[in-house]
Amino acid sequence: MTWYSSQLQMIREQHYLKARTVGHLVKAKQFIDDRYCDPIDLRVIARAACLSRFHFTRLFKHCYGRTPHQYLTEKRIGLAKKLLADGATVAETCCRIGFDSPNSFSAKFRQYTGASPSEYRKKQYSIGPSAENAPILPRIKS
Amino acid sequence: MRIRLMSLLVDDQEKALKFYTETLGFVKKTEVPMGEHKWLTVVAADEQDGVELVLEPLAFPPAKTFQKALFDAGIPQTAFQVDDVEEQYRRLLDLGVSFSVQPTAMGPVRIAVLDDTCGNNIQLFEML
């Protein structure tokens, strides 16, 4: 056994959550992956994981290194970037990714990308289509 | 400021290019001759505008010592994300790749560690 393998074993035994708990959290993450365009919130996600909101948030952060809300926002902003690059308007994008208001969408988009949605859209058009901007869209509920 | 390049020291650039493209499945992005060595990068086939992996010649002797120490301890130089670790493990085993860590669950991640034949351990990881 290499030094690295022994470290993996030690970390697995001493620092990771039990497999059953990880299973609940993986299920919740997959729930976000499948439904992030829907108006889901922490209460709904925690319920999918069969855990209380507080307990779920703490365990999710321990497991994935960020809160469920941060993860949900990352997923939504990632899709917003694809939609904007593909020509969707800011209003359409905001609506399709489950944000309540254009203002909160714009503020969050700027926080994650450093640009406003309209600035980002304009820049994508100026540099032309690329593989990164290819429209690979998940199922979006109307 | 952006992260566009990631360097990996390899003991033979031609051998590395062959392994990283033909075995792992990356795509050559740039190849610029520079005398004995070259500026050589590969990218993921489905993210060709993504981060470039620079296959750097291992010409600095102390770096060889450092690389060997990491390799002997089984420590990965870097990690690549895959959709399914088990599937990649089986595919690469069939291609003759050797693994120092077989597919292993680590909390919400599944990992495996392979030998890139160029002096490095490379970790594959799948986010569950």
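How large is the dipole of the range B:32-128 about the Cα centre if only Lys and Arg carry +1 and Asp and Glu carry -1, each at its Cβ, rounded to the nearest 20 debye? Can you show the working numbers first?
On the way: 6 positive and 15 negative charges, 91 e Å.
Here the range B:32-128 has a charge dipole of around 440 debye.
Relative to the Cα centre, what is the charge dipole magnitude of the protein assembly as shown, using +1 at the beta carbon of each Lys and Arg, -1 at the beta carbon of each Asp and Glu, and rounding to the nearest 20 debye?
1460 debye
Between 0 and 90 degrees, rounded to the nearest ten: what's the tilt of helix A:3-15 against the longest Cα principal axis of chain A?
90 degrees
Nearest 500 deg cm²/dmol is fine: what mean residue ellipticity at 222 nm does chain B get from its DSSP H runs of n ≥ 4 alone, each adding -39,500 (n - 2.57), divided by its residue count? Spell out each step's value before the answer.
Values: 3 runs with 29 residues, N = 128.
That comes out to -6500 deg cm²/dmol.
On the full set of protein chains, 1.4 Å probe, figure out the accessible area of B:Asp83 and give it in Å² to the nearest 10.
Per-residue accessible area (B:Asp83): approximately 150 Å².
For chain A, place one equal point scatterer on every Cα, skip the solvent, and apply the Debye formula. What is log10 of I(q)/I(0) at q = 0.17, 0.19 Å⁻¹?
-0.93, -1.05
For the range B:5-127, what does the accessible surface come to per residue with a 1.4 Å probe? Please give it in Å².
51 Å²
Evaluate Rg over Rh across the range A:72-133, taking Cα atoms for both radii and Kirkwood's formula for Rh.
That ratio is 0.93, to two decimals.
Please work out how much accessible surface A:His62 shows to a 1.4 Å probe, ignoring ligands, DNA and RNA, in Å² rounded to 10.
Per-residue accessible area (A:His62): approximately 110 Å².
Compute for the range B:1-54: radius of gyration divided by Kirkwood radius, i.e. Rg/Rh, restricted to C-alpha atoms, rounded to two decimals.
0.96
Averaged across the residues of A:75-86, what count of C-beta atoms belonging to other chains lies within 10 Å of each residue's C-beta?
Mean number of neighbouring Cβ atoms from other chains: 0.
How do B:Cys118, A:Cys63 rank by accessible surface area computed with a 1.4 Å probe, from largest to smallest?
Working: B:Cys118 0, A:Cys63 20 Å².
Greatest to least solvent exposure: A:Cys63, B:Cys118.
Please determine, in degrees from 0 to 90 and to the nearest 10, the orientation of helix A:53-64 with respect to the longest principal axis defined by the Cα atoms of chain A, where the helix direction is its Cα long axis.
Tilt of helix A:53-64: around 90 degrees.
After finding the eigenvalues of the alpha carbon gyration tensor for chain B, what semi-axes result from the square roots of 5 times each, listed largest first in whole Å?
The equivalent ellipsoid of chain B has semi-axes of 24, 18, 14 Å.
Over the Cα atoms of the range A:3-65, what Rg and Dmax result, in angstrom?
Every Cα atom of the range A:3-65 included, Rg and Dmax give 13.8, 46 Å.
Leaving out ligands, DNA and RNA but keeping every protein chain, what accessible area does B:Lys29 have, in Å² rounded to the nearest 10, with a 1.4 Å probe?
90 Å²
Kirkwood-based Rg over Rh for the protein assembly as shown (C-alpha set), two decimals?
Rounded to two decimals, Rg/Rh equals 1.01.
For chain B, take the longest principal axis of its alpha carbons; what is the angle in degrees between that and the long axis of helix B:61-73, to the nearest 10 within 0 to 90?
10 degrees
Helix-only mean residue ellipticity at 222 nm, chain A, DSSP H runs n ≥ 4 weighted -39,500 (n - 2.57), per residue, nearest 500. What is it?
-21500 deg cm²/dmol
The values are calculated or read from the model by the stated rules, or taken from the named source; none is laboratory data. As the structure is a computational prediction, the values presented were derived from the model and not from experiment. All Cβ positions, glycine included, derive from the backbone under ideal geometry; neighbour counts span all protein chains shown. The area values use the complete protein model at the heavy-atom level, side chains included, leaving out ligands, DNA and RNA. Shrake-Rupley method; radii C 1.70, N 1.55, O 1.52, S 1.80 Å.
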